[in-house]
Amino acid sequence: MQNVVNRRWLLASYPKGLPSPQNWTMDAQPVPDPGPGQILVKAKWLSVDPYMRGRMSPSANYTKGVGLGEVMQGGGVGEIVASNHPAWKTGDIAESMSFGWQEWSVLTPDIFGPAGVNKIDPKLAPIESSLSWLGMPGVTAYFGLLDVGRPRPGETVVVSAASGAVGQLVGQIAKLAGCRAVAIAGGDHKLQWCREIGFDAAINYKKVADLAAAVKQACPQGVDVFFDNTAGPIHDAVMKNLSIGARAVICGRVALADRFGEPDIGERFMGQLIVSRASVHGFLVFDWWHKRNEALQRLVAWQQAGKIHFKEDVLNGIERMPEAFLRLLQGKNFGKQIVKIS
Ligand SMILES: NC(=O)c1ccc[n+]([C@@H]2O[C@H](COP(=O)([O-])OP(=O)(O)OC[C@H]3O[C@@H](n4cnc5c(N)ncnc54)[C@H](OP(=O)(O)O)[C@@H]3O)[C@@H](O)[C@H]2O)c1
């Protein structure tokens, strides 16, 4: 494409602790041409997600990090502008976690698994939903809660970062499963939203003096399923309140983003686990990727029936990608953070 540039965010340095805007630089390159079997996609929306902190590292987490000078990794959705693949035509909408923080991306549809490309039906939902409730965060909430948390009707489900992309869905799916849902989040406006979408109780962890006591008060019969999005002090407070046979789903550790690559800090709960016979289960959505259509079909059905609602937090412009990402780590986002590109 002549006279069109592709603005890209490159990783400039690895952060120690929390990232800052200086960890990235923007450049502008000619728009690349797709090779055989590839498609050229113009981004309409890009996603920022907490997992990106793990990619800003030379060491492998569950997958390898971004190299210095490389385009920052991330998901996006956009329109196909050129195609060398028989199953994809210009005008189709493509979503992929391989998009990168850039305006144009060359993608390879035949890659299998999370790095692959998904064709999006714009009639089903606004296309940006494929980055939020109808995408990776939705699949996370669905399988993390239903397959790993295994909630039963009447049980109490506690979720941290409850107004966020994953958390707001976990609470609503818990309600659909017949459970009591308790939200923990860091702002009264966030907790108000959680109540509006059906959570039965809500705790502002930034305001209560004794978080473990607040969890006990909100969950007098104990916590049967703990969907842990944060680790840190919230984890410690909930773990003191597990019921007999409880399941803790360890989904994320955003509260410890400044301790990336270091051991978690806090209390140990071995004695508590013996008493409660609880299980603690690490969860990674990509282990369920082969079943993602099951989650997406049920999420669409619930959404169309008015049974789930979802809040997004939108910034405008590729210039704002670092800011959008840092908002997640600072708790400034209210709902799923996405960036509108064009
Ligand atoms: N394991 C997996 O496969 C998988 C997949 C997707 C996501 N995740 C994890 O799920 C979690 C939620 O992800 P998301 O995309 O839904 O993000 P999100 O909840 O939309 O945004 C992150 C939220 O984390 C909370 N937070 C930030 N710093 C915190 C701190 N120091 N203490 C407590 N809470 C803090 C903030 O909410 P408050 O204002 O409420 O504090 C912030 O809004 C993340 O840990 C992410 O890594 C895991």
With the convex hull built on the alpha-carbon atoms of region 136-286, volume per residue in Å³ sits at 104
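Distance cut-off 22 Å, Cα to Cα: go down the list Lys16/Lys340; Lys311/Lys340; Lys307/Lys336; Lys42/Lys190; Lys291/Lys340 and report the pairs above it.
Lys16/Lys340; Lys42/Lys190; Lys291/Lys340
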With only helices counted (DSSP H, runs n ≥ 4, each -39500 (n - 2.57)), the per-residue ellipticity at 222 nm for the chain, to the nearest 500, works out to -6500 deg cm²/dmol
So which residue, out of Pro114, Pro151, Pro263, gets the largest mean-square fluctuation from a GNM of the chain using Cα contacts under 10 Å as springs? Pro263
Please give the peptides 129-137, 93-101 ranked by average Cβ packing (other Cβ atoms within 10 Å per residue), highest first, as a rough proxy for protection. 129-137, 93-101
Rank Val238, Val280, Val77 by mean-square fluctuation in a GNM of the chain with C-alpha springs under 10 angstrom and give only the top-ranked residue. Val280
Fraction of alpha-carbon pairs in the chain farther than 28 Å apart, rounded to whole percent, equals 42
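When Lys and Arg each count +1 and Asp and Glu each count -1, what net charge do the other residues less than 13 Å away from Pro122, Cβ to Cβ, add up to?
In short, -2.
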About the Cα centre of the chain, how large is the charge dipole given +1 on each Lys and Arg Cβ and -1 on each Asp and Glu Cβ? Please answer in debye to the nearest 20. 560
Taking the chain and dividing mean pair separation by its residue count, relative contact order in percent (alpha carbons under 8 Å, at least six apart): 16
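Here, each number is a calculation from the coordinates, and none is a lab measurement. Treat the numbers as computed from the prediction; the structure is a model and nothing was measured. Glycine gets a Cβ as well: all are built from the backbone with ideal geometry, and neighbour counts include every protein chain shown.
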